[in-house]
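The values are calculated or read from the model by the stated rules, or taken from the named source; none is laboratory data. Please read these numbers as outputs of a predicted model, since none were measured by experiment. Cβ placement follows ideal geometry from the backbone for every residue including glycine, while neighbour counts extend to all protein chains displayed. Please note that ligands, DNA and RNA were not included when accessible areas were found on the heavy atoms of the full protein model with its side chains. Shrake-Rupley method; radii C 1.70, N 1.55, O 1.52, S 1.80 Å.
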Amino acid sequence: MRPITAIGFDADDTLWQNEQYYRLTEAHFQTLLGDFAEGWHISERLLEAEKRNLAQYGFGIKGFTLSMIETAIEITEGKVPVNTISEILDIGRDLLRHPVETLPHVEETLAALNGEYLLVLITKGDLFDQERKLAQSGLGDYFDAIEIVSDKNATTYRRIFSKLADGPERAMMVGNSLKSDIVPAIAAGSYAVFVPHQLTWVLEHVEKPEAAPRFRQIQNLGDLQQVLTEITDAGTSAAIHRPPAGKSNRRDGR
Ligand SMILES: [Mg+2]
């Protein structure tokens with residue numbers, strides 16, 4: 001029996017660049033408010049606003065834009081000029097139009113795995129924005145299913161892998177966020193492959209679950225097939241060496 005039959009992929013900063021566009025927009029936002037506060041202070045207040053608003057707005061560019069406006073009002077103590085608000089809306093809209101740049105080895109890896117495994121794209125963020133990026137990336141046809149979710153926790157992975165595949169134990173999640181892609185997938189009982197990206201949003205940082213037997217880390221998606229081969233080989237040899245039923249030499253009777 002193959003140990004893994006389904007693979008979930010995160011999208012932003014796993015399949016294509018994302019965070020770098022947020023950083024550019026944030027730098028632009030700092031210059032728009034440059035008369036009122038220093039850049040680091042503006043960023044700090046923006047992050048606080050984003051944290052406060054996540055539960056109401058969810059992840060994505062629309063929530064980020066509203067948080068920028070809220071921060072501008074706070075920092076200027078209500079004196080932010082209307083044309084600055086208008087410019088903030090413009091840079092938010094620009095972010096919704098950023099080019100889609102796929103990461104190294106993504107397409108060839110998806111092409112190789114397509115047909116061998118059930119491939120599911122699992123991403124959070126604004127629905128329209130994620131659909132746009134998927135369409136522009138040209139990667140849509142490699143996936144058997146697309147799941148755009150409001151948050152990623154162990155329940156999310158259990159639900160998706162039970163509904164679409166052979167349950168979380170026979171699934172693997174691949175992504176750049178320890179908090180969203182790796183830790184909850186391990187908690188759900190799946191394998192999880194961490195592909196670090198040099199830019200990751202500060203709210204996505206948590207400790208690596210290095211002691212977890214189903215945790216793996218690779219440099220880029222080009223190394224994913226090797227990891228799958230190793231897990232499959234280990235699963236096959238474990239099956240061969242398993243003692244036949246009824247002949248266990250355990251003596252404790254449990
Ligand atoms: Mg990501």
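A few notes on this one:
- Breaking point among (1) without any contact (Cβ under 8 Å) to a residue 24 or more places away in the chain; (2) within 15 Å of the ligand (Cβ to nearest atom), for Leu15: (1)
- Looking at Asp166, Asp151, Asp141, just one residue is more than 22 Å from Arg216 (Cα to Cα), in a loop (DSSP other than H, G, I, E, B) and assigned by TED's automatic domain parsing to the domain that holds Val227, and that residue is Asp151.
- For segment 169-201, taking the residues that are within 16 Å of the ligand (Cβ to nearest atom) and assigned to a helix (DSSP H, G or I), the one that is surrounded by the fewest Cβ atoms within 10 Å (Cβ to Cβ) is identified as Lys179.
- Among residues of segment 11-29, those that are within 23 Å of Ile69 (Cβ to Cβ) and either under 10 Å from the mean Cα position of the chain (by Cα) or assigned to a helix (DSSP H, G or I) (or both), counted: 12
- Residue match in segment 71-85 (condition: in contact with a Lys or Arg (Cβ under 9 Å, 6 or more places away or on another chain), under 21 Å from His197 (Cα atoms) and not assigned by TED's automatic domain parsing to the domain that holds Lys152): no
- Among the residues of segment 62-108, the one identified as among the polar types (S, T, N, Q) and under 21 Å from Leu15 (Cβ atoms) is Thr102.
A quick yes/no check of all residues on (1) over 15 Å from the mean Cα position of the chain (by Cα); (2) open to solvent by less than 60 Å² (accessible area, probe 1.4 Å):
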site	(1), (2)
Ala112	yes, yes
Gly138	yes, yes
Asp141	yes, no
Ile148	no, yes
Ala154	no, yes
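- Applying the condition of being polar (S, T, N, Q) and farther than 30 Å from Leu110 by Cβ to segment 6-47 and asking which residue is most open to solvent (accessible area, probe 1.4 Å) yields Thr31.
- Check on Glu50, touching a Ser or Thr at 6+ places or on another chain (Cβ under 8 Å), in a helix (DSSP H, G or I) and surrounded by 14 or more Cβ atoms within 10 Å (Cβ to Cβ): yes
- Answer from Leu47, Leu33, Leu24 - the residue that is more than 15 Å from the ligand (Cβ to nearest atom), more than 30 Å from Ile186 (Cβ to Cβ), touching a residue at least 24 places away in the same chain (Cβ under 8 Å) and not assigned by TED's automatic domain parsing to the domain that holds Leu203: Leu33
- In segment 202-228, residue surrounded by the fewest Cβ atoms within 10 Å (Cβ to Cβ) [restricted to those that are part of a helix (DSSP H, G or I) and within 13 Å of the ligand (Cβ to nearest atom)]: Leu203
- The condition of being hydrophobic (A, V, I, L, M, F, W, C), within 16 Å of the ligand (Cβ to nearest atom) and not in a helix (DSSP H, G or I) holds for only one of Val80, Val100, that being Val100.
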